[in-house]
Structures are given as structure tokens and as C-alpha cells.
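The values are calculated or read from the model by the stated rules, or taken from the named source; none is laboratory data. In this text the structure is predicted, and so the values were computed from the model without any measurement. Don't worry about glycine lacking a Cβ; one is built from the backbone with ideal geometry, like all the others, and counts go over all protein chains shown. For accessibility, only protein heavy atoms count, side chains too; no ligands or nucleic acids. Shrake-Rupley method; radii C 1.70, N 1.55, O 1.52, S 1.80 Å.
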Amino acid sequence: LGATPRDRRRLPVNRNACFIGRESTLEQIRRAFLSSGARAPVIALTGMRGVGKTQLAIEYAYRHAEDRENYERVLWVRASAEEVLRSEFAGLAMQLDIEEKARAEPDLRIEGVRRWLTATSGWLLIIDNADKPESVQWLSALLPPKPAGHVLITSTHPSWNKLAQPLPVDVLALRHAIQLLARRSGQPPCQESELIALRLGQLPLALTQAAAYLERTGMSYGKYLQLLS
């Protein structure tokens, strides 16, 4: 991921400037990783689509990449399908600059990555969109039994007890949903924005899409609420 510590922590996605709320969940993640009573340093953020699991993982990574208990490396892989996950996992060999990076066989590169994750500490691995029930088996075959760093998974699949500690992610609190609409759209909160937040189920993705439309068109909350109805 680069030669400097900052480069090694670079994520393939930018930090969300409109991220809001989730303080208790962010603290839960940190406590679970640092707790000596945790079953394993693997956490699965679970919840419905659009609830903000990926954005939560991104925010956690950015907050802790450069603090006093920092991660020297932040790694990111997609897990939408088994072949995607294996390809990206094998690709970590190049990012980590390990000996196996030159091997043509993906299995050998994956094995080198597994050894690195076991022997090296101070890293965070984010595994995004592990939504299929089979993801548990896929990741069980890829992750080492005793990783030396932290693994954060995002998934709509709720059952991770055999591999990870599930942490359910709920919709935004109403006050934060209203603030997200205001921050993203550029319009101040009002009664109509509260009604929009309620109608959209306080779901971050839906709120972001609505606010982007409001910003682009200059439409008022009231007019948008009429169209939504």
C-alpha cells in the first residue's frame, strides 16, 4: 500500500464528510477489539442494506488509523462473491510486499497472506459486502485461526457466531437522520425534513439519496414530501 505509514493506511474509499452519529456503535467496535474477553478479534457489522455498515467501517478505520493506538496498515477486500473474495485476498500479497507476491498460483499467495496475518500485528482488515450465507465458509477458509490484527466484516447476513462476533447496526436515530438531511442538502431542519426522515425509515442510504436530489434540484423539503407521498 505504499512506502510510508500514511500510505499503508490509505483506503480505496474517501472518508464521508457527512457521516453523523453512531458514536456508541463506534465505541462498541473499539471495546470489542480491545477487550481481553472477546472470543476473537473478528467483528461482523450486520444489518439491512442501506443501513450504513460500510460507511461505519470506513469511519472507524479513519478514526483509528492515526490515533495513539493506531493501525500501521489498513487493508480492504470485497466479498460479494467467492471468486471476488479469493482474488482480492490473493492481491493482498502484492500490497503487503511479501515473498509470495511473485507466485502465479493464487493459493500460494493466499497462504502467504494468511501467514502474514498470523505473524504481524497492528493491522485492520475490512471485508466489505460479505452478504451471502456462504460467506462464513469462504472466510473461514481464508482467515487464519488466530489473526494477530483486527478483522471488521460488513454483512446483511446475521449469523456469524462460528467465525465472528456479530454487532447489529440499526437505522439512524431520528435527530441524526434529520441532521444528515440538512448537512447533505444544505437546507436547515424543519418539520417537513423530520417527516421525510420518518417516511424514509431513518435509513442512511435513502436519506443520502434524497438529500442529493434536494441539493441538485434546489427543491424544498415540502415539495419533496409531496412527491414522496
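When residues of the range 24-68 are filtered for being in contact with a strand residue (DSSP E or B) (Cβ under 9 Å, 6 or more places away or on another chain), in a loop (DSSP other than H, G, I, E, B) and at pLDDT below 90, how many remain?
Residues flagged as in contact with a strand residue (DSSP E or B) (Cβ under 9 Å, 6 or more places away or on another chain), in a loop (DSSP other than H, G, I, E, B) and at pLDDT below 90 within the range 24-68 amount to 5.
State which residue is most open to solvent (accessible area, probe 1.4 Å) when the search covers only the range 116-128 and only residues that are out of contact with any Gly (no Cβ under 7 Å at 6 or more places or on another chain) and within 16 Å of G91 (Cβ to Cβ).
W116
Of the residues Q165, Q137, which single one is of a type in the set (S, T, N, Q) and touching a strand residue (DSSP E or B) at 6+ places or on another chain (Cβ under 6 Å)?
Details: Q137 fails: touching a strand residue (DSSP E or B) at 6+ places or on another chain (Cβ under 6 Å).
Exactly one of Q165, Q137 is of a type in the set (S, T, N, Q) and touching a strand residue (DSSP E or B) at 6+ places or on another chain (Cβ under 6 Å), namely Q165.
Take the residues in the range 75-87 that are touching a residue at least 12 places away in the same chain (Cβ under 8 Å) and assigned to a helix (DSSP H, G or I); name whichever of them is least open to solvent (accessible area, probe 1.4 Å).
Within the range 75-87, the match that is least open to solvent (accessible area, probe 1.4 Å) is L85.
Of the numbered conditions (1) at pLDDT 95 or above; (2) open to solvent by 70 Å² or more (accessible area, probe 1.4 Å); (3) more than 20 Å from A17 (Cβ to Cβ), M219 satisfies every one except a single condition; which is it?
Failed condition: (2).
Would you mind stating whether L207 is under 24 Å from N16 (Cα atoms), surrounded by 15 or more Cβ atoms within 10 Å (Cβ to Cβ) and touching a Phe, Trp or Tyr at 6+ places or on another chain (Cβ under 9 Å)?
Taking the combined requirement at face value, the residue does not satisfy it.
Could you check the range 158-201 and list, in sequence order, the residues that are touching an Asp or Glu at 6+ places or on another chain (Cβ under 9 Å), open to solvent by 30 Å² or more (accessible area, probe 1.4 Å) and of a type outside the set (K, R)?
L174, G186, Q187
Since A212 meets every condition but one in (1) crowded, with 18+ Cβ neighbours inside 10 Å; (2) without any contact (Cβ under 8 Å) to a residue 40 or more places away in the chain; (3) aliphatic (A, V, I, L, M), which condition does it not meet?
Every condition holds for A212 apart from (1).
Among (1) closer than 30 Å to Q202 by Cα; (2) in contact (Cβ under 8 Å) with a residue 24 or more places away in the chain, which single condition is R31 missing?
Single failed check for R31: (2).
Filter the range 161-175 down to the residues that are under 13 Å from R22 (Cβ atoms) and of a type outside the set (K, R) and list them by number.
Residues of the range 161-175 that are under 13 Å from R22 (Cβ atoms), as a first pass: 167-173, 175.
If the condition is that a residue be under 13 Å from R22 (Cβ atoms) and of a type outside the set (K, R), then L167, P168, V169, D170, V171, L172, A173 are the ones that fit.
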